[in-house]
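Only one structure is covered here, and it is reproduced in the block below.
The values are calculated or read from the model by the stated rules, or taken from the named source; none is laboratory data. Bear in mind that the values here come from a model prediction, so they are computed numbers and not experimental data. Heads up, the Cβs are rebuilt from the backbone with ideal geometry, glycines too, and the neighbour counts pull from every protein chain shown. These accessible areas exclude ligands, DNA and RNA; they are computed on the full protein's heavy atoms, side chains included. Shrake-Rupley method; radii C 1.70, N 1.55, O 1.52, S 1.80 Å.
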Amino acid sequence: AAAAAAAAAAGGGRVHVMQIHIDLKLVMKLSMIVFFMSQGASTTKLMIYIAVATVIYLQQTGALDGITRRLFGDAAGAGGGAGAGAGGGNTGDSRIRKSAPSSRRSTGTGKNIEYGQWIQLGDNYAFVSKSANGASDGTYTTTAADDNLRAALGISKDTSDSEMLMKSLDQRKWQHASDHAYREKVCRGSKHDMPRWCKGPAGPGGRLSHDLDEAEQAWQEAAAKRQEAKMSLLGAHKAYLKEAAIQKEAMEYTKKALEAQEAVDAAAKMAAQRERSEGDLLQSMEIAEQNNWRSLVTARHTIVKYRTMSKEQVEEMEREETIVLKSRARDERAKAVGERNKVAGEARAQADAVDRAKFKAKKAQEELKAALMAAAKIEAQANRVQGVGAGFSSTDAGDLEVAGGGGGAGEEKKMLLL
């Protein structure tokens, strides 16, 4: 039973506990009505009044909701998807197939996300899965996200997309279908009457219940945002079709009006761009909703295990979770140490590179200094050689003047000097 319940929760179904609630005030009202109406009536009429009062009581207390959804929901689904679009109207020869989460194909895990798209069926529009190839046989399939939302809120299959948007924004619907309301119903009264799990982490105020409430809240917000994005995409899609029709008509009948044609082309381009942006927004909302749905399914699966296993099994599972958490923390510490060592190694490498650059600069500075000193020495030697040459030149000039005035004596002095 525990394995079946866990499998049902993992598949998207809810696990309910059968309870009987008696509305004494409603019973008294119906009894008084039957009492006054049966005054002087025959036994047959009395039995009819009692049967009608019983049916009214069951309907008012919600005991017949599941039967009503099953009967009228399936009848609407077999009608060929007449109410699957944004409103009533002709859908041509196409059919919209809607499934319950229990019989729904899996949307996959990881990056396997199911996307939706708007299609036009006659005078109507329907939001179907992109993976469903309905062009061949005329049968389209609604998205798993919409099926999950219908099942969670108790929405019938013939509900239109606009009505689904309004109901997804109704907080009373969500509160009625939440696990918090279920816990409040089950875990009330004396502690001896409530189930064992009510006093554990899966009960009111427990850690797992808190995680489940957060997962439900995240999925609810993502589902509501996806519905809003879906209807925004429908408006953009209709605008694009309208602009495309105007563009086609303009191309056929106004070929000479180039300015008008450019304006129409620009409007069509803007409409197409808006449709693409709305489509991208819708895809992001679909990814967020389906990721939150998987988190919700995981939380539900854990809740079901805690509520269906024995105390020893719960303790054993908690020990295993503690071991997994410790191992994860140890891996994270090792990863952090590795990152620190990597950063320290990079810092050391940069410091070594700076030291090498400084050494090369110092060596170049010393070489430049030595070259400047050598050049200064060479220049000093050249200056000394130039000074000696100038002295010899002045001596030779004096000797020539003496030689010019003294005749032969000057010639002898010149010879002596030489």
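Computed on the stretch 159-305, the Cα convex hull volume stands at 111 Å³ per residue.
Given a Förster distance of 41 Å, report the FRET efficiency between PHE359 and LYS326 from their Cβ-Cβ distance, rounded to the nearest 0.05. Numbers along the way, then the final one.
On the way: r = 49 Å, r/R0 = 1.20.
Approximately 0.25, to the nearest 0.05.
Between ASP280 and SER232, what length comes free when the chain is fully extended (0.36 nm per residue of separation minus the Cα-Cα distance, one decimal in nm)?
Values: separation 48, 0.36 × 48 = 17.28 nm, distance 1.17 nm.
Contour length minus the Cα-Cα distance gives 16.1 nm.
Using the Karplus relation 6.51 cos²θ - 1.76 cosθ + 1.60 with θ = phi - 60°, the per-residue 3J(HN,Hα) values for the stretch 272-287 come to 5, 5, 5, 5, 5, 5, 5, x, 4, 4, 5, 4, 5, 5, 5, 4 Hz, with x marking Gly and Pro. Applied to the stretch 332-337, the Karplus parametrisation 6.51 cos²θ - 1.76 cosθ + 1.60 on θ = phi - 60° returns per-residue 3J(HN,Hα) values of 5, 5, 4, 5, 5, 4 Hz, with x for Gly and Pro. Going through the cross-link list LYS248/LYS269; LYS157/LYS305; LYS29/LYS173, which pairs have a Cα-Cα distance over 22 Å in this structure? Pairs exceeding the cut-off: LYS157/LYS305; LYS29/LYS173. Accessible surface for TYR115 stands near 60 Å², nearest 10, in the context of the full protein assembly shown (1.4 Å probe). FRET efficiency for the ILE22 to GLN120 pair, using the beta carbon distance and R₀ = 35 Å, is estimated at 0.10. In this structure, the amide hydrogen of LEU121, modeled 1.01 Å from its nitrogen in the peptide plane, lies closer than 5 angstrom to those of ALA126, counting only residues at least 5 positions away or on a different chain.
Annotation: PHE127 carries an accessible surface of approximately 10 Å², with a 1.4 Å probe and no ligand, DNA or RNA atoms counted.
A simple spin-label model places pseudo-atoms 7 Å from Cα toward Cβ; at ILE67 and HIS176 they are separated by 1.9 nm.
Close amide H partners of THR139, meaning residues 5 or more places away or on another chain with modelled amide H under 5 Å apart, are ARG95.
If R0 is 56 Å, what FRET efficiency do you get for GLU367 and GLU214 from their C-beta distance, rounded to 0.05? Computed FRET efficiency for GLU367 and GLU214: 0.20. Estimated at 0.36 nm per residue, the fully extended path between LEU165 and LYS45 surpasses their Cα-Cα distance by 38.7 nm.
Using a 1.4 angstrom probe on heavy atoms only, work out the carbon and sulfur share of the accessible area of the stretch 114-187 in %. Walk me through the intermediate numbers first.
Details: 1450 of 3130 Å².
That share works out to 46 percent.
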